[in-house]
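The values are calculated or read from the model by the stated rules, or taken from the named source; none is laboratory data. All figures in this text were calculated on a predicted structure; none of them were measured in a lab. Here the Cβ positions follow ideal geometry from the backbone for every residue, glycine too, while neighbour counts run over all protein chains shown. To get the accessible areas, we keep the full protein, side chains included, count just its heavy atoms, and leave off ligands, DNA and RNA. Shrake-Rupley method; radii C 1.70, N 1.55, O 1.52, S 1.80 Å.
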Amino acid sequence: QRILRLAEMCRRLETEEEKVLPFYPSSLAEGELQDARRALEETPVEPLARAMQDYVGLERFWQRFNKAKLEEKVLEQVRTALANRNQHLRELLQQYLAGVSISRKVLKD
């Protein structure tokens, strides 16, 4: 029940694009998709695989979770790149201001 309530709360926060296209398009080729579907339809033999069938309903949750994590990582990288650019621009500004103050001293003399 808690997971369903959280999913309901998260649904309200989704953008229109996420509601229409909640996941990235698959990068698998058509043959690979067919193989994956066939593997999912087969009855699992291993105990762990049988236990995982109880959680098939959470597949969408994990897809959304992984998508959110990927977007979080991308945003972290963008933030780092912007911080580096900001630092570079600050250094250039300091150099410019230092040059302006020196040229004023030269003009006064």
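Counting Lys and Arg as +1 and Asp and Glu as -1, each charge on the Cβ, what is the dipole of the chain about the Cα centre in debye, to the nearest 20?
On the way: 19 positive and 18 negative charges, 193 e Å.
I would put it at about 920 debye.
Using only DSSP helix segments of four residues or longer, with each worth -39500 (n - 2.57), what per-residue ellipticity at 222 nm results for the chain after dividing by its residue count and rounding to 500? Mind dumping the intermediate values first?
Values: 5 runs with 85 residues, N = 109.
After summing the helix terms and dividing by residue count, I get -26000 deg cm²/dmol.
At a 1.4 Å probe radius, carbon and sulfur cover how many percent of the accessible area of the chain?
Values: 6230 of 10580 Å².
Roughly 59 percent, rounded to a whole number.
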query: Taking a probe of 1.4 Å, how large is the accessible area per residue of the stretch 16-107, in Å²?
result: 93 Å²
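Please arrange Val78, Val45 by accessible surface area, largest first, computed with a 1.4 Å probe and ligands excluded. Intermediate results must be reported in sequence, preceding the final value.
Working: Val78 70, Val45 120 Å².
The residues order as Val45, Val78, largest area first.
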- prompt: How far is helix 30-41 tilted, in degrees, relative to the longest principal axis of the Cα atoms in the chain, given as a value from 0 to 90 rounded to the nearest 10?
  reply: 50 degrees
message: Starting from the 7 Å offset along Cα-to-Cβ, what nm value, one decimal, do you get for the label separation of Glu72 and Asp35?
response: 3.2 nm
task: Please turn the phi angles of the stretch 49-65 into ³J(HN,Hα) values with the Karplus equation 6.51 cos²θ - 1.76 cosθ + 1.60 (θ = phi - 60°), one per residue in order, whole Hz, x for glycine and proline.
output: 5, 5, 5, 5, 5, 5, 10, 4, x, 8, 4, 4, 4, 5, 5, 5, 4
query: Got a number for the accessible area of Tyr96? Probe 1.4 Å, square angstrom, nearest 10.
result: 150 Å²
statement: Expected field for Leu4, accessible surface area in Å² at 1.4 Å probe radius, rounded to 10, holds 130 Å²
- line: Here, Ala98 and Arg5, labelled 7 Å along Cα→Cβ, have an inter-label distance in nm of 5.9 nm
